[in-house]
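Trainee: A single structure is presented below for examination.
Readers should treat all values here as calculations from the given coordinates under stated rules, not as data from a laboratory. Please read these numbers as outputs of a predicted model, since none were measured by experiment. Heads up, the Cβs are rebuilt from the backbone with ideal geometry, glycines too, and the neighbour counts pull from every protein chain shown.
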Number of protein chains: 2
Amino acid sequence: MTPGKTDRSTYHHGDLRQAVLTAALDVIAADGPAALSLRDLARRAGVSHAAPAHHFGDRTGLLTAIAAQGFGLLADTLAGGTGLADRGRRYVRFATAHPAHFQVMFAPDLLRADDPELTAARARAGAELRAGVTTLPGRDARTTGIAAWSLAHGFATLYLTHNVTDAVGPLPPEDYFDLLTGFLTDRADGTPGT
Amino acid sequence: MTPGKTDRSTYHHGDLRQAVLTAALDVIAADGPAALSLRDLARRAGVSHAAPAHHFGDRTGLLTAIAAQGFGLLADTLAGGTGLADRGRRYVRFATAHPAHFQVMFAPDLLRADDPELTAARARAGAELRAGVTTLPGRDARTTGIAAWSLAHGFATLYLTHNVTDAVGPLPPEDYFDLLTGFLTDRADGTPGT
DNA sequence: CCCTCATCTAGTCATTGACAAGTTGTCCTC
DNA sequence: GAGGACAACTTGTCAATGACTAGATGAGGG
């Protein structure tokens, strides 16, 4: 096992799984999941056209692996957060920093819904998502959580689909999102906005 | 011209464009845009495999037409609304009533971005979206609008991707959304929530 | 030394999108 | 009502892809 090194001279690629994953993320970020082709990824990695299938089974398997990795990354990202506003900020930052993951994570049509690793990672992310709001006073925690999630998710989605680029301008999207969270957090902690 | 009637005995289908559109919406709603095949749509309509391309150019053209139709429908839906909360409610209702349209509308990778009909319809919908919040006092109208849009869009997206089905339960999603809008509209009109 | 097994190759098949060329029917004009 | 222009549709074809099968390669273990 030669970890990390891509040794092209050998019959075995050495790290094909990772190479395919990385290339796939590039393609998806650039042209969307529809542009993803296993054969193209194989060409990029310099292996035969059927090699990627060995690691992921099929195209759906590859996308499922990406989604699972994405939910894991999201869970890790949220775990470091403090409070509702910060978690929302981190959510938006995750989406814009990992657009390919984000897209695939929320495209159930492309995924194998019953994949164990996917469901586990999703559960982990869901727990982190809920952990951010359980301590909120006044409002029903579940409703608050879904409102916050909707706000962050909606903004991230609209940003990634180029629907709010004018408003955000050159600002990092998570900074702009801070403006939006005022509507929620003002109420949550009792501090008036404006 | 035989309007509306699908006369199968003739060489000309009579209303192939509409038939293909309808079938495409069915497929997308059931299995997502990735499952869409022009040849399959042709089979469903009982025409030759290249017939759909005559009306839409190519696969991207078909999806672009669907997106344009979707933005038109959304604009019409919003136009009848009164106030911010009602428009949000209508937005969610549109998304859940027309899931195929909604999905395609916000998948820029699948669309021809410079299509005239698409950009026109999008502009119309955008204007309606903005019209709902221009009269709001206190807050910056643009920021308010984007927050409201993010909230509605995020909730609709999460609902369609089966991420909040537990919380919503058997309720019509737009009814559940009313609970969420309290966080925004309470502030906007000065009425305290809870 | 050989055996096992994960990794990768090579070949094949059905399906698809796209394109080209031809056919059919309709409508417009004279 | 004949002819021509044109839109609607068909037929045939090609390259690309996903999926599958069988086989080759090489690394590590007993």
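Each row is one residue, and each column tells you yes or no for (1) in a helix (DSSP H, G or I); (2) closer than 30 Å to A:Gly126 by Cβ; (3) among the hydrophobic types (A, V, I, L, M, F, W, C).
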position: B:Gly88; (1), (2), (3): yes, yes, no
position: B:Ala95; (1), (2), (3): yes, yes, yes
position: B:Gln103; (1), (2), (3): yes, yes, no
position: B:Gly126; (1), (2), (3): yes, no, no
position: B:Gly145; (1), (2), (3): yes, yes, no
position: B:His153; (1), (2), (3): yes, yes, no
position: B:Ala167; (1), (2), (3): yes, yes, yes
position: B:Pro170; (1), (2), (3): no, yes, no
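Trainee: Right, another one. Could you look through segment A:15-32, keep only residues that are within 14 Å of chain B (Cβ to nearest Cβ) and in contact with a His (Cβ under 9 Å, 6 or more places away or on another chain), and pick out the one that is farthest from DNA strand D (Cβ to nearest atom)?
Mentor: Only one residue tops the list, namely A:Ala29.
Trainee: Right, something else. Among the residues of segment B:57-67, is there at least one that is without any contact (Cβ under 8 Å) to a residue 12 or more places away in the chain, within 11 Å of chain A (Cβ to nearest Cβ), of a type in the set (D, E, K, R) and within 16 Å of DNA strand D (Cβ to nearest atom)?
Mentor: no
Trainee: Yes or no: segment A:111-121 includes at least one residue that is within 9 Å of another protein chain (Cβ to nearest Cβ), in contact with a helix residue (DSSP H, G or I) (Cβ under 9 Å, 6 or more places away or on another chain), β-branched (Val, Ile, Thr) and surrounded by fewer than 21 Cβ atoms within 10 Å (Cβ to Cβ). Talk me through it step by step, then tell me what you get.
Mentor: Step one: list which residues in segment A:111-121 are within 9 Å of another protein chain (Cβ to nearest Cβ), which gives A:113.
Adding the requirement that they be in contact with a helix residue (DSSP H, G or I) (Cβ under 9 Å, 6 or more places away or on another chain) leaves A:113.
So of that shortlist, the ones also β-branched (Val, Ile, Thr) come out as none.
Looking through segment A:111-121, none of the residues is within 9 Å of another protein chain (Cβ to nearest Cβ), in contact with a helix residue (DSSP H, G or I) (Cβ under 9 Å, 6 or more places away or on another chain), β-branched (Val, Ile, Thr) and surrounded by fewer than 21 Cβ atoms within 10 Å (Cβ to Cβ).
Trainee: Let me ask something else about it. What are the pairs, 6+ residues apart or on separate chains, where a residue within segment B:157-173 that is surrounded by fewer than 17 Cβ atoms within 10 Å (Cβ to Cβ) has its Cβ under 7 Å from a residue that is among the charged types (D, E, K, R) and in a helix (DSSP H, G or I)?
Mentor: Within 7 Å, the pairs are B:Ala167/A:Arg142.
Trainee: Those residues that are in contact (Cβ under 8 Å) with a residue 12 or more places away in the chain and within 13 Å of DNA strand C (Cβ to nearest atom), I need them from segment A:13-38; list them, please.
Mentor: A:His13, A:Gly14, A:Asp15, A:Leu16, A:Arg17, A:Ala19, A:Val20, A:Leu21, A:Leu38
Trainee: With respect to A:Asp86, determine if the residue is within 14 Å of chain B (Cβ to nearest Cβ), more than 14 Å from the chain's Cα centre (by Cα) and more than 16 Å from DNA strand D (Cβ to nearest atom). Quick ask: steps written out before the conclusion?
Mentor: Values: within 14 Å of chain B (Cβ to nearest Cβ): no; more than 14 Å from the chain's Cα centre (by Cα): yes; more than 16 Å from DNA strand D (Cβ to nearest atom): yes.
For A:Asp86, the condition - within 14 Å of chain B (Cβ to nearest Cβ), more than 14 Å from the chain's Cα centre (by Cα) and more than 16 Å from DNA strand D (Cβ to nearest atom) - is not met.
Trainee: Can I ask one more? Identify all residues within segment A:33-42 that are surrounded by fewer than 16 Cβ atoms within 10 Å (Cβ to Cβ), within 8 Å of DNA strand D (Cβ to nearest atom) and assigned to a helix (DSSP H, G or I); write none if there are none. Can you show your working first?
Mentor: Taking segment A:33-42 first, the residues surrounded by fewer than 16 Cβ atoms within 10 Å (Cβ to Cβ) are A:35, A:37, A:39-40.
Of the ones still in play, those that are also within 8 Å of DNA strand D (Cβ to nearest atom) are A:37, A:39-40.
Within segment A:33-42, A:Arg39, A:Asp40 meet the criteria.
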